[in-house]
Amino acid sequence: MSNSPLIGVIMGSDSDLPVMQKTFDILNEFNIPFEVKILSAHRTPGEHAEYSKTAERRGLKTIIAAAGGAAHLPGVTAAHTSLPVIGVPIKSKSLSGLDSLLSIVQMPSGIPVATVAIDGAKNAAILAVEIIALSEPSIKEKLTVYRHRMAQDSMGKNDMLQF
Ligand code: RP5
């Protein structure tokens, strides 16, 4: 597998970093090279557009875009690239992330964004891993082991049940 980044993780603000740590943890666990950038569709529109337009040429296979509030970052990213874009709605202070969720999930037809749950940074990473696994058999194997371990952990909890 290439050493250059395969997944781009972008977010509107550094205040999104604590939530997005779960994305970094999964991508590190699977040993998939990724890059992280703070890019805002409204504060740094030029830089964001340049990043999105050149993403595929630079070797990225998918982009995870996290944003809160009027969260247009994932949708605008998807407008600039035909790479799969995964949107993470960040829990906002005023509306608890409902604003972020609806802004990201309600994309008009033609330009999709795969939206995960509010603060669903872990699932965003797993979905990105699944995309990479389509062309990387070693990642597919790791995914199979990951799911098997998760099932075992879940079943193991039955042994602790006492009534
Ligand atoms: C969005 O606005 C960011 O993604 C963040 O979730 C939210 C608040 O940003 P800050 O005001 O904390 O920089 O653009």
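The values are calculated or read from the model by the stated rules, or taken from the named source; none is laboratory data. Because the structure is predicted, anything quoted here is derived from the model rather than measured. FYI the Cβ positions are ideal-geometry reconstructions off the backbone, even for glycines, and counts take in every protein chain you see.
Couple of notes before you dig in:
- Verdict on Ala67 being under 25 Å from Asn28 (Cα atoms), within 12 Å of the ligand (Cβ to nearest atom) and not in a loop (DSSP other than H, G, I, E, B): yes
- Yes/no for Ala121 being farther than 21 Å from Arg57 by Cα, small (Gly, Ala, Ser) and surrounded by 11 or more Cβ atoms within 10 Å (Cβ to Cβ): yes
- Filter pass, Thr23 being within 19 Å of Val116 (Cβ to Cβ), at pLDDT 95 or above and surrounded by 15 or more Cβ atoms within 10 Å (Cβ to Cβ): yes
- Take the conditions (1) farther than 13 Å from Ala124 by Cβ; (2) within 15 Å of the chain's Cα centre (by Cα); (3) within 16 Å of the ligand (Cβ to nearest atom); Leu83 misses just one of them, which is (3).
- Tabulated pairs, region 3-16, first of a type in the set (Gly, Ala, Ser), second within 10 Å of the ligand (Cβ to nearest atom) and at pLDDT below 95, C-beta under 7 angstrom, 6+ apart or interchain: none
- Residue list for region 87-121, filter: of a type in the set (D, E, K, R) and out of contact with any Asp or Glu (no Cβ under 8 Å at 6 or more places or on another chain): Lys93, Asp99, Asp119
- Residues in region 1-20 that are surrounded by fewer than 21 Cβ atoms within 10 Å (Cβ to Cβ) and away from the ligand (no atom under 16 Å from the Cβ): Met1, Ser2, Asn3, Ser4, Pro5.
- Of all residues in region 25-48, those being part of a helix (DSSP H, G or I), under 18 Å from the mean Cα position of the chain (by Cα) and either away from the ligand (no atom under 16 Å from the Cβ) or farther than 16 Å from Gly87 by Cα (or both) number 5.
- Met1 passes every criterion in (1) in a helix (DSSP H, G or I); (2) farther than 15 Å from Thr115 by Cα apart from (1).
- Residue check, Glu56 assigned to a loop (DSSP other than H, G, I, E, B) and over 20 Å from Lys122 (Cβ atoms): yes
- Looking across region 4-24, the residues that are part of a loop (DSSP other than H, G, I, E, B) and under 14 Å from Thr62 (Cα atoms) come down to Ser4, Pro5, Leu6.
- Test result for Ala78, surrounded by 23 or more Cβ atoms within 10 Å (Cβ to Cβ), under 14 Å from the mean Cα position of the chain (by Cα) and away from the ligand (no atom under 15 Å from the Cβ): yes
- Contact map, region 41-67: first residue within 16 Å of Ala79 (Cβ to Cβ), second residue within 14 Å of the ligand (Cβ to nearest atom) and at pLDDT below 95, Cβ cut-off under 8 Å, separation 6 or more or different chains; the map is empty.
- Boolean, Val105 is of a type outside the set (Lys, Arg) and within 13 Å of the ligand (Cβ to nearest atom): no
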